[in-house]
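Step one of this worksheet: look at the structure below.
What follows draws every value from the coordinates through simple rules; no lab data is involved. On a predicted model such as this, the values are computed, not experimentally measured, just so you know. Counting neighbours? That spans all protein chains shown, and the Cβs are built from the backbone with ideal geometry, glycine included.
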Amino acid sequence: MRAFKNILFVIFTALVVMQFFPPELNKADTTPPTDIILATSPPKIIEATLTNACYDCHSNSTRYPWYTGIEPVSYWFDSHIKEGKRHLDFSKWEHYSAKEKIHKLEEITEAVNQGWMPLKSYRWLHKDANLTQEEIKAITDWAALLQLNYQTVDLPQ
């Protein structure tokens with residue numbers, strides 16, 4: 001019983017100490033000119049969909065719900081953001097080559113069509129991230145149009 005109490009004390013102490021060392025917030029003061037919305041000027045439905053369903057994990061513009069101020073939840077949230085940005089960072093869209101952009105757009109289309117993006121755990125907490133069929137079609141049509149634009153950029157002269 002004494003060992004159990006010691007373990008609980010260590011866990012409790014660790015949780016209290018964690019409150020003083022939260023991860024750095026993923027929140028930029030301004031939108032960089034390399035951001036996909038500024039770079040491509042998408043239709044309003046695309047802009048709204050990206051902002052509501054994608055930007056929290058795939059840009060420098062994360063909206064933080066109240067519960068992310070509690071450790072260790074903020075560390076879990078931070079790991080999702082870092083992982084999301086590692087795969088696709090909309091804030092750095094213009095840093096990708098045309099070939100990379102085409103590949104990322106193919107992945108976006110596949111992810112929304114198959115329903116594995118946005119993540120189910122994210123949709124559960126963010127109801128506005130549940131994509132409608134209209135939003136999915138708009139995203140995939142827009143992605144296909146952008147792919148064509150980027151393919152013409154890479155054509156040999």
- Item | Criterion (touching a residue at least 12 places away in the same chain (Cβ under 8 Å) and surrounded by fewer than 16 Cβ atoms within 10 Å (Cβ to Cβ)) met by exactly one of HIS95, HIS103 | HIS95
- Take the residues of the stretch 106-138 that are surrounded by 18 or more Cβ atoms within 10 Å (Cβ to Cβ) and over 30 Å from TYR67 (Cα atoms): which is nearest to the chain's Cα centre (by Cα)? THR109
- Residue, surrounded by the fewest Cβ atoms within 10 Å (Cβ to Cβ), within the stretch 40-80, restricted to residues that are in contact (Cβ under 8 Å) with a residue 12 or more places away in the chain and touching an Asp or Glu at 6+ places or on another chain (Cβ under 7 Å): ILE45
- Task: Read through the list (1) of a type in the set (Lys, Arg); (2) within 20 Å of PRO118 (Cβ to Cβ); (3) not in a loop (DSSP other than H, G, I, E, B), then give the number of the only condition that LYS5 fails.
- Result: (2)
- Query: Looking at ILE11, is it over 26 Å from LYS127 (Cβ atoms) and exposed (fewer than 15 other Cβ atoms within 10 Å of the Cβ)?
  - Reply: yes
